[in-house]
Amino acid sequence: MSLERQGQLSMLRVTYAGFCHAFLHEKPFCRSPGSAGAALKGNCYDERVNFRECMSTRIFAAYLNKIGYDAFEIGFITIDDFTNTDILEATYPAVAKRLNDVWTSDPAIPIVTGFLGKGWRSSAITTLGRGGSDLTATTIGKALGLREIQYGVPIFRKSYNSILMFITEPVPYLTFEEAAELAYFGAQVLRPQSMRPAREGDIPVKVKNSYNPNAPGTLITGNRDTSKAVLTSIVLKRNVTMLDIVSTRMLGQFGFLAKVFSIFEDLGISVDVVATSEELDHVVEELERIAVVNLLHHRSIIPLIGNV
């Protein structure tokens, strides 16, 4: 290893150690009331989860500075909810001003933390929840009015969580609505929440295969030419459990469906995402008070995504 490389690694170790010491001694670890092993409260959870992200961002910025590239970090303003917060409208002009001012006076590389921000009133660290890093990217794109936002993602024949996507040929174009439908049924390359700023700003999103960067990828826009392809994707979602619910009272009784969905709401269960058999047992028990319930296991859903 060269002396220059050794020096860079030493610099990174010093930066890492200094930042860890400063962060860990800034505040004591805080926990929910109860035993010493109780779960972290929302704000404390966000702080600890984001430690890695803040640390890596500062180290990477320091490394770029060391090898001769100017770099700086920027942050985001969010609402004061924890573990699943949202971007405030004030974030867009703040990010635009921060980036444009720095680039105008002294062009540099912005190093941005993914999925975290700072609460507007509390100034506490917050996290954006699932897809937060993607949301960070589209927020910057909307703030700066970019022509296009690109994502590099690993694309396989099989995606995760027992969702199978059989790709017979690349999908060149999708609308935001079609991409949201794909995400809803499990093909979560990009979550609908993370695409919202791009959709609001009418900014195309290009999804590229990080294992094949020369491939054209998929362009997601507000509209596409449906005459070329009415159907864009077929997704297979397996191991689905279906609840067949038949009212025991007069057909069309007012409020029956409202009552059915209120049972799911009271138990805190999403209708399309029921995780365990114990949850199903509780649902069936409550539903059998108003209906005949038939529980069907090992079913599949085959959504056809397109614009008809």
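The values are calculated or read from the model by the stated rules, or taken from the named source; none is laboratory data. All of these numbers come straight from a predicted model, not from anything done at the bench. Counting neighbours? That spans all protein chains shown, and the Cβs are built from the backbone with ideal geometry, glycine included.
The set of residues in the range 183-216 that are more than 21 Å from Thr136 (Cα to Cα) and not hydroxyl-bearing (Ser, Thr, Tyr) comprises Phe185, Gly186, Asn212, Pro213, Asn214, Ala215, Pro216. Is it the case, given these coordinates, that Gly217 is touching a Lys or Arg at 6+ places or on another chain (Cβ under 7 Å), at pLDDT 85 or above, outside the structural domain of Thr139 (by TED's automatic domain parsing) and not hydrophobic (A, V, I, L, M, F, W, C)? In short, yes.
Out of (1) surrounded by fewer than 16 Cβ atoms within 10 Å (Cβ to Cβ); (2) assigned to a helix (DSSP H, G or I); (3) modelled with pLDDT under 85, the odd one out for Glu177 is which? Of (1) surrounded by fewer than 16 Cβ atoms within 10 Å (Cβ to Cβ); (2) assigned to a helix (DSSP H, G or I); (3) modelled with pLDDT under 85, only one is false for Glu177: (3). Scanning the range 250-259 for residues that are more than 30 Å from Asp134 (Cβ to Cβ), over 21 Å from the mean Cα position of the chain (by Cα) and modelled with pLDDT of 80 or more turns up at least one hit.
Residues are listed down the side, and each one gets a yes or a no for (1) of a type in the set (Gly, Ala, Ser); (2) at pLDDT below 80; (3) touching a Leu at 6+ places or on another chain (Cβ under 9 Å):
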| position | (1), (2), (3) |
| --- | --- |
| Gly268 | yes, yes, no |
| Ser277 | yes, yes, no |
| Asp281 | no, yes, no |
| Val293 | no, no, yes |
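Within the range 201-216, being within 16 Å of Gly131 (Cβ to Cβ) and touching a helix residue (DSSP H, G or I) at 6+ places or on another chain (Cβ under 8 Å) holds for one residue alone: Val205. Within the range 151-169, is even one residue at pLDDT 75 or above and loosely packed, with under 12 Cβ neighbours inside 10 Å? Among the residues of the range 151-169, not one is at pLDDT 75 or above and loosely packed, with under 12 Cβ neighbours inside 10 Å, which makes the answer no.
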